[in-house]
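The values are calculated or read from the model by the stated rules, or taken from the named source; none is laboratory data. Computed from a predicted structure; not experimentally measured. Because the Cβ atoms are built from the backbone with ideal geometry, glycine has one as well, and the counts that use them run over all protein chains shown.
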Amino acid sequence: PVVLEKVFQGGKKPRVGIFVDPDFGTPPLAKAKNLIASRRSTQLHRLPEARGESLAVSAAFVATSAEIDLYTGREATESRLRNSAPYWILHLGTHGFFNKYAYQNPMKGSGLALAGAYPNLKSGLNAEYDDDPNDGILTAEEISKMDLKSCWLVSVSACQSGTGKSLDGEGILEILS
């Protein structure tokens, strides 16, 4: 906390955004069968351990003057994350995915699942997602378009969040691509 106090001294009140353990919703039975047949993971289990992470992250900022926004369950939505005020620190605890078969645009085939994602999951090896801001699927491409200039630190606690091929010039996009 002492180090964080020094980082946050002066200027505007720092904001911390925490999005963990989203409520993914329930997929229609037919869609679940198609996803299983495509051999892609269909299990978007709730993440109660991520709530524990959120308490630890929040506790790290108690001694600072930071405003903490904590969103879980149905509140941990894609649109809330994309439209929230600038955060200095952003922590995401959810399921991530990487589809190496998304040939047209791998940035639309990888990303994070947020509240309401289950009914919008696509089947098939070439599955890619559009830029729908309310489908619960935050793609790597959508993340690359977010204004994260004010973020000092982004922490992603998600499966497959470091998967992908590192290419020259992509830098931070490798986190989710």
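Scanning region 109-126 for residues that are assigned to a loop (DSSP other than H, G, I, E, B), at pLDDT 85 or above and hydrophobic (A, V, I, L, M, F, W, C) returns 114, 115, 117.
The number of residues in region 65-86 that are hydroxyl-bearing (Ser, Thr, Tyr) and in contact with a helix residue (DSSP H, G or I) (Cβ under 7 Å, 6 or more places away or on another chain) comes to 2.
Looking only at region 71-86, residues that are at pLDDT 90 or above, under 20 Å from residue 145 (Cβ atoms) and assigned to a loop (DSSP other than H, G, I, E, B) come to 2 in all.
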